[in-house]
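First the structure, in the form of structure tokens, and then the observations on it.
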Amino acid sequence: MNGECKGCERSAALHLPEREVQRLLAGYLASHPGERVADDGTYADRLAVCRACPDVQFGGTTCRHCGCLVAVRAKLADKACPSTASRWSLLVG
């Protein structure tokens, strides 16, 4: 792997600033009315699982299974871990 983001064809950042996560999330929610947001505890638990996952790429920002930004997907209440192992399924909440 060459460290390039397939979606934007530039080097992926090692850290996605929270303000950028919020901007992307706001755009997603604006185009998906009715989408629910996970509570802060669930969000933190999901991110912890993703950070420990060997399938998260580009400095911990992107899921290998679906190509999503894990910080955005983790914030969406009705989303699930896209891995066949469904790593979030063991979380309570």
Pairs with Cβ under 6 Å, 6+ apart, first in segment 52-79 and under 25 Å from His32 (Cα atoms) and at pLDDT 90 or above, second small (Gly, Ala, Ser) and not in a strand (DSSP E or B): His65/Ser83; Lys75/Ala38; Ala77/Ala38
For segment 81-93: of the residues being out of contact with any helix residue (DSSP H, G or I) (no Cβ under 6 Å at 6 or more places or on another chain) and surrounded by fewer than 13 Cβ atoms within 10 Å (Cβ to Cβ), which is modelled with the lowest pLDDT? Val92
Based on this model, can you work out whether Ala30 counts as buried (at least 18 other Cβ atoms within 10 Å of the Cβ) and not polar (S, T, N, Q)? no
Which listed residue is touching a His at 6+ places or on another chain (Cβ under 9 Å) and in a loop (DSSP other than H, G, I, E, B), from Pro33, Pro82, Pro54: Pro82
Find the residue count for segment 36-51, including only residues that are more than 15 Å from Cys81 (Cβ to Cβ) and in a loop (DSSP other than H, G, I, E, B). 2
If you scan segment 79-92, which residues turn out to be closer than 14 Å to Thr42 by Cβ and touching an Asp or Glu at 6+ places or on another chain (Cβ under 7 Å)? Leu91
Hey, can you tell me all the residues within segment 64-93 that are under 18 Å from Leu24 (Cα atoms), hydrophobic (A, V, I, L, M, F, W, C) and out of contact with any Pro (no Cβ under 6 Å at 6 or more places or on another chain)? Cys68, Leu69, Val70, Ala71, Val72, Ala74, Leu76, Ala77
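The values are calculated or read from the model by the stated rules, or taken from the named source; none is laboratory data. Keep in mind the model is a prediction, meaning the values are calculated, not measured. Quick reminder, even Gly has a Cβ in these numbers, built from the backbone with ideal geometry, and neighbours come from all protein chains shown.
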